[in-house]
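Notes follow the structure.
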Amino acid sequence: MWENLIDYLKDPSLVVKVQNFFGVIYKNVSPEESTEIVHSEKLEREKEEFDLRQHKRIPSNLSSSSQSSYDTDTSADSTNREEVVCHVNNKFWYWVFVLGTALGDEIFYATFIPFWFWNIDGAVGRRVVLVWTVVMYIGQGFKDIIRWPRPGYPVQKLQQKWAIEYGMPSTHAMVGVSIPFSVLLYTMDRYLYPAHWGLLAAVTWCTLICVSRIYLGMHSVLDIAAGLLLSTALLAVLIPVVDRLDGVLIAEPYAPLLVLTVAILVVVYHPHADKWTPTRGDTTMIVSVCAGILIGSWTNYQLGNTVASGTAPPYEIIWPSIEMLGCTILRTVLGFCGVLATRAIGKSVSYAVVCALLGKDKNELRNSQDSLDNKNKIVVELCYKFFTYGLIGFNTTYVFPNVFHLLRIERSTYYTEI
């Protein structure tokens, strides 16, 4: 029963059905350039025939991981199946899901996290970032351990950005649970607002991300389901633990040493630590940003900048006036300019320093083609990402808020959010 259910949810034809529902039309292309509209039922039959041919051709002594790579090689049996192309017949849903999938991309993290600290609530921000980091680290680690490919033939991917990563579980789905629901759980007792509206927003956010990944052909339904279940289980444990841990991480003198030690260890001992994978690079950035944010918050507290609020939660939401809105825009613009400058300078300096320590030419190493197995390049990539994005996190919570204070455009409650 369970095997049948897993096979059904993993079936690429199920992805095609979702795409068909939202206006993606599949067509077979004949050698004479004529096209025939194909629906999911026919594609399913063609996939079964293709899988049967592949099963006969795969030697029995291949490992399961080798079989996965063999199965997903689109050039392996190009002569035995018809070429399939797809046409987006409904542009509305296409752009809705392109925007939806962006809620789980790097550009979203890079904008949402700093904006939240500078303009909304630092106490909630620290907790949400720590939850997000743990969830993403576990999800990315499982990807490199399980190593299941993304949906194959006949699914056509409408996005190629993450196509070389493995697909199980969907970390987009995990983000779709961890960020909106942790925001909801950490704010519902801290602020006075209708919790049911927050729940509706979180469910909508999560649903949009999950459906977008299937629509774009980047994940099977099983990938999404696994991501949702795993992140929900993790959230049940992490929400209370992180809530208690936050006070320790900003108040205890040894906290930065603990944070840096754990961050370095989880980067160094990442699954498949002997080689470079796209998920490993993403994981390094996530872990280092979290470490930088926590150390920046700790520095503010230890220097006496951060003090507890004189009133206990829940608090009334302060809706921005025209003046406050102007300060918000200034903080955001100046802050993001600072983030871009930090990234450019940090990457250039750290890359050059690490290459010099290794005795390697930085230009030669940067342009090398064997990036997946080049040990020196792996070391340089990890070091520069860890330093650069850790510095961005530190500047987000310590340097830039102090600059805002000097310019008198700071958010009045920033240094009372413990």
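Can you pull out every residue in region 159-212 that is among the aromatic types (Phe, Trp, Tyr), at pLDDT 90 or above and exposed (fewer than 15 other Cβ atoms within 10 Å of the Cβ)? Correct list: Trp197 only. Region 37-144 holds helices (runs of 4 or more DSSP H) entirely within its bounds, and those carrying 2 or more residues that are at pLDDT 80 or above and hydrophobic (A, V, I, L, M, F, W, C) map to 91-102, 106-119. It is to be established whether one or more residues within region 270-278 are of a type in the set (D, E, K, R), surrounded by fewer than 20 Cβ atoms within 10 Å (Cβ to Cβ) and closer than 30 Å to Ala195 by Cα. Scanning region 270-278 turns up no residue that is of a type in the set (D, E, K, R), surrounded by fewer than 20 Cβ atoms within 10 Å (Cβ to Cβ) and closer than 30 Å to Ala195 by Cα.
Restricting the first member to region 314-330 and to residues that are open to solvent by 80 Å² or more (accessible area, probe 1.4 Å) and modelled with pLDDT of 85 or more, and the second to residues that are not in a helix (DSSP H, G or I) and not aromatic (Phe, Trp, Tyr), the beta-carbon pairs closer than 6 Å and six or more apart or on different chains are Glu316/Leu192; Leu330/Ile409.
The values are calculated or read from the model by the stated rules, or taken from the named source; none is laboratory data. The structure displayed is predicted, hence computed values, not measured ones. When we count neighbours, we look across all protein chains shown, and the Cβ atoms used for this are built from the backbone with ideal geometry, even at glycine. With ligands, DNA and RNA removed, areas are computed over all heavy atoms of the protein, side chains included. Shrake-Rupley method; radii C 1.70, N 1.55, O 1.52, S 1.80 Å.
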